[in-house]
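Working notes, beginning with the structure itself.
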Amino acid sequence: MTPQRLNRIASVSWLPYLLLVVAAFAVVPKPMPAVGGNVQDVTAYFGTNAAAIKVFVCLASVADLFLLVFAVYLANRLRASETRSNLLSWLALTSGGALVAFEFASAMTMLTLAITAAASVAGTGVLGILFNNFELANIFLFGLFFGAVGVGTLMEGTFPRWFGWVTCAAGVVEVATGCLLTLGVTQAGSISFVSALIWIVVAGTVAVVLEWRNSSPAIDQLGLAGESAKP
C-alpha cells in the first residue's frame, strides 16, 4: 500500500471516531456526572448504571484507536512540511499519544469504578477521584495538541491558514475550560466536549479535502495541490 493511500485512509479515521463517541454517549443515562463534580455523585452514578457504562467503555476504547490514527496523521503532516524545526510535529505526536493514553486510562477507570461500585466494594471513592483527574488531564492535553497543530499550521502552512487560527482558538478554549474546572466550575466540562467534537469535524473535513485534492492529477496540473503549503 502506497504512502498516499495510507494518508487518505488516515485522513478519514476521524469519522469512525466521531460516530463511536456519539454512540457511546448515547447509550449512557443522562444526566452524566460533571467533570470534577462530587465524588460521591460520580460513584453512585457508575454503580447504578454499571451495564450501560460497560457498553460505553467498549465503544469509547475502540474510538480511541481511531483518534490515535488521526493524531499520528496530523503530526506526520506537520513533520512532512516543516522546514524550521521538528519541535511542533513531535509535540503534536507526543501530546496526541498522551491524550489517547489518558482517554484509555479514563475508560478503564470507569469500567473498574462501575464494577466495584455496583458490587459495593470499598475504595470506590479513590477511583472516583482518579476518574475526575484523568478527565481533567484529557482537557489540558487536548489544548496542548490543538496548540501544536495550530501553531505548526500557521508557521509552515501545512493546512489552510484559517484552520491554524481556528485550531489555536480551540486550544485556548480547552485550556480555559480546564482552568475553570480546576476552580470548581463543573458546568465548563460540556464546553470542552462540544468544542473538541466541532474541531474534530472541521479538522477531519480539511484533512479529507486536502488528501483528495492532492491526489487529483487534473488539479495538480493547475497548481492547486500545493496551495495549502503556502504560508
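The values are calculated or read from the model by the stated rules, or taken from the named source; none is laboratory data. In this text the structure is predicted, and so the values were computed from the model without any measurement. Ideal geometry is used to build each Cβ from the backbone, glycine not excepted, and the neighbour counts take in all protein chains shown. Please note that ligands, DNA and RNA were not included when accessible areas were found on the heavy atoms of the full protein model with its side chains. Shrake-Rupley method; radii C 1.70, N 1.55, O 1.52, S 1.80 Å.
Condition first: on the phi > 0 side of the Ramachandran plot and without any contact (Cβ under 8 Å) to a residue 40 or more places away in the chain. Can you find one or more residues in the range 122-132 that meet it? Yes - at least one qualifying residue is present in the range 122-132. Take the range 53-104 and flag every residue that is of a type in the set (Val, Ile, Thr), more than 16 Å from the chain's Cα centre (by Cα) and closer than 21 Å to Ala137 by Cα. Within the range 53-104, just Ile53 meets the criteria.
Checking each residue in the range 12-63 for being basic (Lys, Arg) and under 23 Å from Gly178 (Cα atoms) picks out only Lys30. Of all residue pairs spaced 6 or more apart or on separate chains, those with beta-carbon atoms under 8 Å, a first member in the range 1-30 that is closer than 18 Å to Val206 by Cβ and a second member that is open to solvent by 40 Å² or more (accessible area, probe 1.4 Å) and of a type in the set (A, V, I, L, M) are Ala10/Val69; Ala10/Val72; Ser13/Val69; Trp14/Val201; Leu18/Val201. Taking first residues from the range 182-210 that are closer than 17 Å to Leu19 by Cβ and partners that are at pLDDT 85 or above and of a type in the set (Asp, Glu), the Cβ contacts under 8 Å between residues at least 6 apart in sequence or on separate chains come to Ala196/Glu174. Residues that are over 19 Å from Ser195 (Cα atoms), surrounded by 19 or more Cβ atoms within 10 Å (Cβ to Cβ), at pLDDT below 85 and among the charged types (D, E, K, R): does the range 143-158 have at least one? For the range 143-158, residues over 19 Å from Ser195 (Cα atoms), surrounded by 19 or more Cβ atoms within 10 Å (Cβ to Cβ), at pLDDT below 85 and among the charged types (D, E, K, R): present.
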